[in-house]
Amino acid sequence: MAHDTLTNAQMRDIEALVHPYTHAASLRQTGAHMIASGEGIYVTDEAGRRYVEGLAGLWCCGLGFGDAELVEAAQAQFSRLPYYHLFGGRTHEPAIELAEKLKELLPMEAARIFYGCSGSEANDSQIKLIWYMNNVLGRPEKKKILSRKRGYHGVTLATASLTGLPLNHEDFDLPLEFVRHLRCPHHWKEAEPGETEAEFSARLAAELEETILAEGPETVAAFIAEPVMGAGGVIVPPEGYFPAMQAVLRKYDVQMVADEVICGFGRTANWFGSETFSIAPNSMSMAKQLTGGYFPLSAVAMDRRMAEAVEEGASRNPALGHGFTYGGHPAGCAVALAALAIYERRDIVGHVRRVAPVFQARLRAAADHPLVGEARGAGLMGGLELSPEPGRPAAFAQPGKVGARLMEEMLARGVILRSLGDTLAFCPPMVITEAEIEEMMAPLPEALDATHAWAR
Ligand code: PLP
């Protein structure tokens, strides 16, 4: 689109906003895509065109875009108590009720819940509270955090440091010194010829042990991981990966932090990705689908040791010197409680189990296309990685361009998706039906052909 075809609103947008994760010069040419409304798995833009939202916004709107119960829960809470906080010993019923409900649902013995407003705040709080814990436990050297290349944990100074993607580090003077990035557990790309998934997992666990020993176990505090890497390209762990990694972590008393910001609340066909991939976390971060994406709210769940240490630190000091103005916002907690009630009543996990095989089969059918390197996924998350060499990992001359083109070809055919480098990511609302999965996937062969023709 040429510059002079931009609408007035698009011009105003360019002059008024800085857009996250957007190529600024291109935006000046194309203008932003203005979304006006949403209903079910669909959103409609200002031009009146309806799209399947194949990424549930940013992996968050698991219940779609027009859930009346979530809206009513927010409205009712806004009328009753539109704001309150948890500082200085204040509290409110929705915050208590939600923490109790999470403790009941989580696949760990969660002793306490701490609220933030975003995934970044949850993971930032994890780092700070683990450091705080280790000071209370009398091991002030134990502060390094292990993360993984291609992992995504947020964009604050500390969490962007955990994130293992060059875009989040370059020109930001990151990562900070306390992070070590381990190898990405992507079997297709990283395995030796003939190495099975189980052998690859064992090698990664051995590398983890080498890293801990090289750094000094007394300096390594925690390992943070998403059950399935999302923004790094939808990377599903190889067989046996987390049990092998956790055996090493336990040996050196390194805390396992599960970043369930995307995987939590049904996405991988269990309530939590930790269940799908046999993770036994000491602490967990949750956000996104916690409120179905309708309100910014995040939560950190911590085990007894961490909770007791935080309580002790907050008793030794005049107070816990950490907390967010809007953490545990009553409207957010009310929306989260409504979302959890819907997940249970409508058996969203059971629904994902029923429809995920249809989605995964449709995705994997694309693996035969000459432009496709690998089709992968779990539950209602999928990634289609493109490659100049069919079925084999290889980099395009201009990384990211072909993936972006496929995203545009799908958009032109009525499906909003997101390209992560040359991987096209799928993460539709979990309420998607089989017929809607067909609708989302139907344009894919044609879009791949068009992209292939363009790329040659
Ligand atoms: N952790 C994971 C796994 C995520 O996918 C994200 C965001 O996509 C975050 C953390 C950061 O969340 P936020 O953007 O709410 O800060």
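The values are calculated or read from the model by the stated rules, or taken from the named source; none is laboratory data. This is a predicted model, so every value here is computed, not measured. So basically every Cβ, Gly included, is an ideal-geometry build from the backbone, and we count neighbours across all protein chains shown.
Worth a mention:
- Residue 70 vs. criteria part of a helix (DSSP H, G or I), closer than 22 Å to residue 380 by Cα and within 22 Å of the chain's Cα centre (by Cα): yes
- Near pairs, Cβ below 7 angstrom, 6+ apart or cross-chain, from the stretch 111-137 (under 18 Å from residue 95 (Cβ atoms) and in a helix (DSSP H, G or I)) to any residue that is away from the ligand (no atom under 16 Å from the Cβ) and of a type outside the set (A, V, I, L, M): 125/322
- Matching strands (runs of 3 or more DSSP E) fully within the stretch 202-295 where at least 1 residues are away from the ligand (no atom under 16 Å from the Cβ): 220-225, 255-259
- Count of the stretch 156-171 residues, restricted to those that are within 15 Å of the ligand (Cβ to nearest atom) and either in a loop (DSSP other than H, G, I, E, B) or closer than 22 Å to residue 117 by Cα (or both), is 11.
- Filter result for residue 119 (touching a Ser or Thr at 6+ places or on another chain (Cβ under 7 Å) and surrounded by 14 or more Cβ atoms within 10 Å (Cβ to Cβ)): yes
- Residue within the stretch 259-279 that is crowded, with 23+ Cβ neighbours inside 10 Å, farther than 14 Å from residue 108 by Cβ and more than 20 Å from the chain's Cα centre (by Cα) present: no
- Residue within the stretch 278-288 that is within 23 Å of residue 341 (Cα to Cα) and basic (Lys, Arg) present: yes
- Filtered residue count, the stretch 1-41, keeping only those that are among the aliphatic types (A, V, I, L, M) and either assigned to a helix (DSSP H, G or I) or in contact with a strand residue (DSSP E or B) (Cβ under 9 Å, 6 or more places away or on another chain) (or both): 11
- Check on residue 399, more than 18 Å from residue 369 (Cβ to Cβ) and surrounded by fewer than 17 Cβ atoms within 10 Å (Cβ to Cβ): yes
- Any hit, the stretch 304-322, residues being under 17 Å from residue 159 (Cβ atoms) and either more than 14 Å from the ligand (Cβ to nearest atom) or buried (at least 23 other Cβ atoms within 10 Å of the Cβ) (or both): yes
- Verdict on residue 153 being at pLDDT 95 or above and not in a loop (DSSP other than H, G, I, E, B): no
- When residues of the stretch 118-149 are limited to those that are over 18 Å from residue 321 (Cβ atoms) and touching a Pro at 6+ places or on another chain (Cβ under 9 Å), the one farthest from the ligand (Cβ to nearest atom): 142
- Among the residues listed as 331, 319, 307, the single one being under 19 Å from residue 66 (Cβ atoms), in contact (Cβ under 8 Å) with a residue 12 or more places away in the chain and not in a strand (DSSP E or B): 331
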